[in-house]
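Have a look at the structure below, then the notes.
The values are calculated or read from the model by the stated rules, or taken from the named source; none is laboratory data. Every value quoted in this text rests on a predicted model; they were computed, and no experiment measured them. Neighbour counts run over all protein chains shown; Cβ positions are idealised from the backbone, glycine included.
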Amino acid sequence: MNKRLLPVLGLMLLCSFFAAEQLRAQETGWEIRASQIDPANYYGITVANGMVGLVTSHEPLRVSDTVLNGIYDHYGRGRTSNILRVFNFAGMELNIDEQFITAREVSNMRQRLDMRRAFAETTFDVGNKASVRYTIRALRNLPFTSMIELEVTALQNITMRAASRIEAPAHLRDVRQFYQEVDRPHVNIPIMTSVAQSPTGRHTVAAASTFLFSEEQRPHLVHEDWDHDMHRVHFTKELRAGETYRFTVLSSVIGTEHVSDPHNEAERLSLFAMLEGRDRLITRHEREWERLWESDIIIEGNLRDQIDVRSALYHLYSFAREGTAYSLSPMGLSGLGYNGHVFWDTELWMYPPLLMLQPEIAKSLIRYRFERMEAARQKAFMNGFRGVMFPWESNDTGEEATPVWALSGPFQHHITAVVGIAFWNYFRVTQDMDFLREMGWPLLREVAEFWVSRVDEGENGAFHIINVMAADEWAENVDDNAFTNGAAISALRFATQAAELLGETPDPKWMEIANGLPILQFPDGTTREHATYEGELIKQADVNLLSFPLDIIRDPDQIRKDLEYYIPRVGDGPAMTHSVFATLYARLGEERRAYELFHRAYRPNELPPFGVIAEDAGGTNPYFATGAGGMLQTVLSGFGGLEMTDTGIMQLDTPLPREWRSLTITGVGPKRETFTNNR
């Protein structure tokens, strides 16, 4: 055999191996692939670890966004705070034989997300000279650290020049750039660092990168200050045909929200990661994700549905983490949508699946609220109420962050009840009496006090909640909104139960109000959305939430009557609305209608090339984690029949779609139980 063909044949075998591995991953529902990369119609997928979010780009060696959780400032989006978009440290540069590589110079570009091992990979060819693999990981084991890898396989003898860069977005100010090499007896560690102030100077943020190479002797590194917003480290390497060379960047980004000295801490974290070594980092990252995936949803019989559901679960797992007091915004860590603020979307839509499958992550989400109770108490005071009044849009401080032009800030009061319900549900699932005593009861008591001060007393023992924005946000300044009243009723009842469990004396006014708040009806018995509602179009689910998740309306005929009335009035609606309808039909035993609505909740909202979901059909604001939460509730509580009760998670008898042979839900609740539903 011609020896010159051996490297090429070896490469062909390697490519065949990777292709087979990718096919197996796709067939088992663990991979999302994109082979048609259209720059004009591209919506990236997010790699995140609950603290740092990296969003893929249509450019071959780039990410489009880097988002850091928990840190906010005012910039470029009106007078309200925004989650901070920070240094882009994941960008690479590549020259081959003096040709700078951009999207125009590449062919056969493919991207894939491996959900099981939580990395995104881009591969492409550079003419007949090289094949390239670019991989990004937000390391689950190191919350502020990411791993970016560039792997080049020469198809002929080439000279390559590779570079790692750190870029500052325009809104960061007073950018400072540093480069040093830390000399140790057996290793010389290069560190490239950028430090800047957030737009108003409220925070300092820092990113630091260090490097690993696929050989003991690292190449000669050259540092360049390209301009005041970007600097880079590059090296040159000669490769022979068939040779593969890998270059690994370990980058940490952190701010004064997290530590007092982000400059030094970013460098320490990157040094730690570098000395851990590539293989150990990947092993520990994958071990953390393996632990998360012990709580999984397995659908037999429909690969497309399996991938869709697992994608939703992957995103919720990616956007939050245990051991923090950070919550989830509607867009998670996928970008700047909704300013990264925290809404009712968390507690009503995204929190329940996490509570069932990852109670410790769920605890982080409610700890976010608990640690901001003082701000909620102050908001209640400023509005003339008692107890706690949670903001419609919340940021790091827990103060109201809704833009002034939006009436949801002053009037969407149901969020306070929803937060209380979330705390009670955590106790229901975990049966953790210490939690109930230390966090649940103190919050529920204050929520109940808010509603006592918020209601108006009517005649004959009746109470009313006047002048609110409904859960249907097109209904402004209305009275006795169905969901607001229902949520208040639930919160008052749960506060009473919590008091009795702990041997406390509940205020009798709580149950008096809960029993006196009306759920209005039309003359034909259909539940009426609010006191002046006359059948107009609505934005999203409201009345139907009384049946699920509130479980206030239980009669099947009433549930069906309300569904048939409100579904035609909601139009397309945001993604989570049809998930509620789907869940209710599943629990009514009407799996065909449920399955249709299950798909209607998210498939019209999918965007290329990864199928990330937007808030609305035709929308362009992915990734809408609220919709993912709603869709997962349809699977868990609809087709899976799981229900949170006062004694823990129970399973109802609900039918599966005909397209599924079985549904298995693993790692449920603190006991890590498995529930199945078979045809």
Of residues in the stretch 242-279 being touching an Asp or Glu at 6+ places or on another chain (Cβ under 6 Å) and in contact (Cβ under 8 Å) with a residue 60 or more places away in the chain, the one surrounded by the fewest Cβ atoms within 10 Å (Cβ to Cβ): ARG246
Total residues in the stretch 37-62, condition assigned to a strand (DSSP E or B) and either over 20 Å from ALA625 (Cα atoms) or touching a helix residue (DSSP H, G or I) at 6+ places or on another chain (Cβ under 8 Å) (or both): 4
Meets criteria (out of contact with any Lys or Arg (no Cβ under 7 Å at 6 or more places or on another chain), in a helix (DSSP H, G or I) and at negative phi) for HIS578: no
Go through (1) modelled with pLDDT under 95; (2) assigned to a helix (DSSP H, G or I) for GLU459 and report which single condition fails. (2)
Every pair of residues 6+ apart whose Cβ atoms lie under 6 Å, when the first sits in the stretch 23-51 and is over 20 Å from LEU61 (Cβ atoms) and modelled with pLDDT of 95 or more while the second is crowded, with 17+ Cβ neighbours inside 10 Å and among the acidic types (Asp, Glu): GLU31/ASP114
For the stretch 641-653, give me each residue that is touching a strand residue (DSSP E or B) at 6+ places or on another chain (Cβ under 8 Å), without any contact (Cβ under 8 Å) to a residue 40 or more places away in the chain and either surrounded by 13 or more Cβ atoms within 10 Å (Cβ to Cβ) or acidic (Asp, Glu) (or both). GLU643, GLN651
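Results for (1) among the β-branched types (Val, Ile, Thr); (2) touching a helix residue (DSSP H, G or I) at 6+ places or on another chain (Cβ under 9 Å); (3) in contact (Cβ under 8 Å) with a residue 60 or more places away in the chain; (4) within 28 Å of ILE83 (Cβ to Cβ), shown as yes or no for each residue.
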{"site": "ILE101", "(1), (2), (3), (4)": "yes, no, no, no"}
{"site": "GLN111", "(1), (2), (3), (4)": "no, no, yes, yes"}
{"site": "ASP114", "(1), (2), (3), (4)": "no, yes, yes, yes"}
{"site": "ALA120", "(1), (2), (3), (4)": "no, no, yes, yes"}
{"site": "ARG140", "(1), (2), (3), (4)": "no, yes, yes, yes"}
{"site": "ILE148", "(1), (2), (3), (4)": "yes, no, yes, yes"}
{"site": "GLU151", "(1), (2), (3), (4)": "no, no, yes, no"}
{"site": "SER164", "(1), (2), (3), (4)": "no, no, yes, yes"}
{"site": "ASP174", "(1), (2), (3), (4)": "no, no, no, yes"}
Starting from the stretch 319-339, keep only residues that are in a loop (DSSP other than H, G, I, E, B), then list their pairs with residues that are surrounded by fewer than 24 Cβ atoms within 10 Å (Cβ to Cβ) and among the charged types (D, E, K, R) whose Cβ atoms are within a distance under 6 Å, requiring at least 6 positions of separation or different chains. GLU322/GLU360; ALA325/ARG367; ALA325/GLU371; GLY335/ASP65
Give all pairs with beta carbons closer than 7 Å in which a residue from the stretch 52-81 that is touching a residue at least 60 places away in the same chain (Cβ under 8 Å) meets a residue that is among the aromatic types (Phe, Trp, Tyr) and assigned to a strand (DSSP E or B); count only pairs at least 6 apart in sequence or on separate chains. PRO60/PHE124; PRO60/TYR134; LEU61/TYR134; SER81/TYR72
Can you tell me which residue in the stretch 295-331 is surrounded by the most Cβ atoms within 10 Å (Cβ to Cβ), limited to those that are more than 17 Å from the chain's Cα centre (by Cα) and polar (S, T, N, Q)? GLN306
Hey, ALA601 hits all of (1) more than 15 Å from SER547 (Cβ to Cβ); (2) in contact with an Asp or Glu (Cβ under 8 Å, 6 or more places away or on another chain) but one; which does it fall short on? (2)
